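Only one structure is covered here, and it is reproduced in the block below.
The values are calculated or read from the model by the stated rules, or taken from the named source; none is laboratory data. Every value quoted in this text rests on a predicted model; they were computed, and no experiment measured them. As a convention, Cβ positions derive from the backbone with ideal geometry for all residues, glycine included, and neighbour counts pool all protein chains shown. These accessible areas exclude ligands, DNA and RNA; they are computed on the full protein's heavy atoms, side chains included. Shrake-Rupley method; radii C 1.70, N 1.55, O 1.52, S 1.80 Å.
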Amino acid sequence: DRNVIVTHWQVIGMQWESCRSAAIRSFQKVNGVLSVNVDLETGQADIIATVPIEDDAIIQAVESTGFQIYKMI
């Protein structure tokens, strides 16, 4: 069994399926991300990771794609 860490994020600026796909790819580039689910309508992204990931790593990866992102509590 592997321990997993789930974090929830709000992605701002997605309008199309291609935007959602770009956001997913940006999350997947971050080391430790096991899987990601991004809801286009709400902008919510749920990240499942195998190790703790610095928030800044997620933020930089997604913002480099042109979206704004905030961690949800």
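Examine region 37-48 for a residue that is touching a strand residue (DSSP E or B) at 6+ places or on another chain (Cβ under 6 Å), aliphatic (A, V, I, L, M) and under 11 Å from I12 (Cα atoms), and state whether such a residue exists. Yes, there is a match, as at least one residue in region 37-48 is touching a strand residue (DSSP E or B) at 6+ places or on another chain (Cβ under 6 Å), aliphatic (A, V, I, L, M) and under 11 Å from I12 (Cα atoms).
Only residues that are assigned to a helix (DSSP H, G or I) and hydroxyl-bearing (S, T, Y) were counted in region 53-73, giving 0. State all residues of region 1-16 that are over 17 Å from Q60 (Cα atoms) and either in a helix (DSSP H, G or I) or polar (S, T, N, Q) (or both); if no residue qualifies, say none. Listed by number, the residues that qualify are N3, Q15. Name, by its number, the condition in (1) farther than 11 Å from V11 by Cβ; (2) within 11 Å of the chain's Cα centre (by Cα) that does not hold for I58. All conditions are met except number (1).
Set side by side, the residues S64, S26, S35, S21 differ, and just one is open to solvent by 80 Å² or more (accessible area, probe 1.4 Å) and among the hydroxyl-bearing types (S, T, Y), which is S64. Restricting region 38-52 to residues that are open to solvent by less than 60 Å² (accessible area, probe 1.4 Å) and not in a strand (DSSP E or B), the residue that is farthest from I69 (Cα to Cα) is T50.
Beta carbons closer than 6 Å, at least 6 apart along the sequence or on distinct chains, never pair a first residue in region 17-37 that is assigned to a helix (DSSP H, G or I) with a second that is charged (D, E, K, R) and loosely packed, with under 14 Cβ neighbours inside 10 Å.
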